[in-house]
1. Assess whether Ala52 counts as being touching a residue at least 24 places away in the same chain (Cβ under 8 Å), part of a helix (DSSP H, G or I), among the aliphatic types (A, V, I, L, M) and over 30 Å from Pro31 (Cα atoms).
2. Inside the range 132-166, can you point out the residues that are assigned to a loop (DSSP other than H, G, I, E, B), at pLDDT 60 or above, more than 13 Å from the chain's Cα centre (by Cα) and surrounded by 13 or more Cβ atoms within 10 Å (Cβ to Cβ)?
3. Going by the conditions given, is Pro117 over 22 Å from Asp148 (Cβ atoms) and at pLDDT below 85?
4. Scanning for something polar (S, T, N, Q), touching a strand residue (DSSP E or B) at 6+ places or on another chain (Cβ under 8 Å) and at pLDDT below 95, does the range 205-214 turn up at least one residue?
5. Answer yes or no as to whether Gly79 is loosely packed, with under 15 Cβ neighbours inside 10 Å and in a loop (DSSP other than H, G, I, E, B).
6. Go through (1) assigned to a loop (DSSP other than H, G, I, E, B); (2) surrounded by 13 or more Cβ atoms within 10 Å (Cβ to Cβ) one by one and return the number of the condition Leu234 breaks.
7. Going by the conditions given, is Cys28 surrounded by 13 or more Cβ atoms within 10 Å (Cβ to Cβ) and either within 25 Å of the chain's Cα centre (by Cα) or modelled with pLDDT of 90 or more (or both)?
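The values are calculated or read from the model by the stated rules, or taken from the named source; none is laboratory data. The shown structure was predicted, so the numbers you read here are calculated from the model rather than taken from an experiment. Don't worry about glycine lacking a Cβ; one is built from the backbone with ideal geometry, like all the others, and counts go over all protein chains shown.
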Amino acid sequence: MKIVWVDVCFAINFCADYLICLLAARFCAVPLERLRYALAALLGALWAVGAAVTEAAVFLSPGGKLLAAAVMCLAAFYGRRELPRLCAAFFALSAALGGAVWALSGAGDGASLSLSPALLGLSFFLFWAAFSVFLRGSGKKQEREILDVEISFRSRSVRIRALRDTGNSLCDPLSGAGVMVMSPAAAAELFRPYEALLDLRDPAELLACAGETDALRGQLRLIPYSAVGSKGFLAAFRPDSLSVNGKKNRDLLVALSPSASGDGFDAII
């Protein structure tokens with residue numbers, strides 16, 4: 001008779017699935033959402049327990065396993081523009097962890113597969129350590145800090161991703177408030193139905209045209225900036241609310257600049 005320790009099975013699979021979700025997010029340099037990874041790990045652990053207890057084909061078939069992995073990916077990463085890359089990383093890391101456990105178990109030498117909590121703990125630790133070292137040296141893109149920003153203005157809201165720039169010293173000379181620089185394209189939803197104004201490259205002209213509308217009159221101001229080889233003004237506005245990684249920031253203004261977007265971000269903060 002086969003004996004299944006449900007608690008051990010659940011704990012092992014939960015830890016493994018959470019570890020894989022976390023490493024996939026770090027590998028793709030996206031903001032960490034640990035609660036979502038815990039939810040994905042919970043779903044994966046429940047699926048594994050169901051497979052161990054019932055041995056039903058729906059759990060053990062290749063299609064069933066792919067379905068479980070897809071559900072976990074959606075639970076962990078749905079809504080991210082990097083979803084395809086995150087899913088690819090999730091599957092690759094799952095295969096790598098499985099291979100590591102298989103190799104350490106001695107099954108690669110023809111021995112029967114024997115898994116103990118100690119062996120699994122060692123496998124998880126070595127797997128985490130190896131990929132942490134890899135990620136620390138994998139290039140500047142992994143070193144960037146990308147933040148989730150939600151902005152509300154004129155009863156409209158958008159969610160964007162912002163690159164943290166520790167050298168950004170732009171501020172409002174009147175109030176001393178810090179300034180986040182945002183791509184006009186990313187701000188289009190906030191300015192509807194006047195988003196066509198954002199195509200104007202001259203900040204002074206943008207302010208003049210905005211002042212001709214009742215909705216935008218007095219909402220914009222000019223912020224002086226100085227950069228290497230250039231200086232001038234940016235059109236800026238004070239949002240109704242702004243949060244960074246879920247934390248409210250009441251003192252931050254938002255300036256508009258086409259150069260504020262890049263690979264994986266629409267603003268610089």
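1. yes
2. Answer for the range 132-166, where residues must be assigned to a loop (DSSP other than H, G, I, E, B), at pLDDT 60 or above, more than 13 Å from the chain's Cα centre (by Cα) and surrounded by 13 or more Cβ atoms within 10 Å (Cβ to Cβ): Arg154, Arg164, Asp165.
3. It is true that Pro117 is over 22 Å from Asp148 (Cβ atoms) and at pLDDT below 85.
4. no
5. So Gly79 fits the description; yes.
6. (1)
7. So Cys28 fits the description; yes.
So that you can scan it fast, the table gives a plain yes or no per residue for (1) among the hydrophobic types (A, V, I, L, M, F, W, C); (2) out of contact with any helix residue (DSSP H, G or I) (no Cβ under 6 Å at 6 or more places or on another chain); (3) without any contact (Cβ under 8 Å) to a residue 12 or more places away in the chain:
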{"residue": "Asp202", "(1), (2), (3)": "no, yes, yes"}
{"residue": "Leu207", "(1), (2), (3)": "yes, yes, no"}
{"residue": "Leu220", "(1), (2), (3)": "yes, no, no"}
{"residue": "Phe233", "(1), (2), (3)": "yes, no, no"}
{"residue": "Ala236", "(1), (2), (3)": "yes, yes, no"}
{"residue": "Pro239", "(1), (2), (3)": "no, yes, no"}
{"residue": "Asn249", "(1), (2), (3)": "no, yes, yes"}
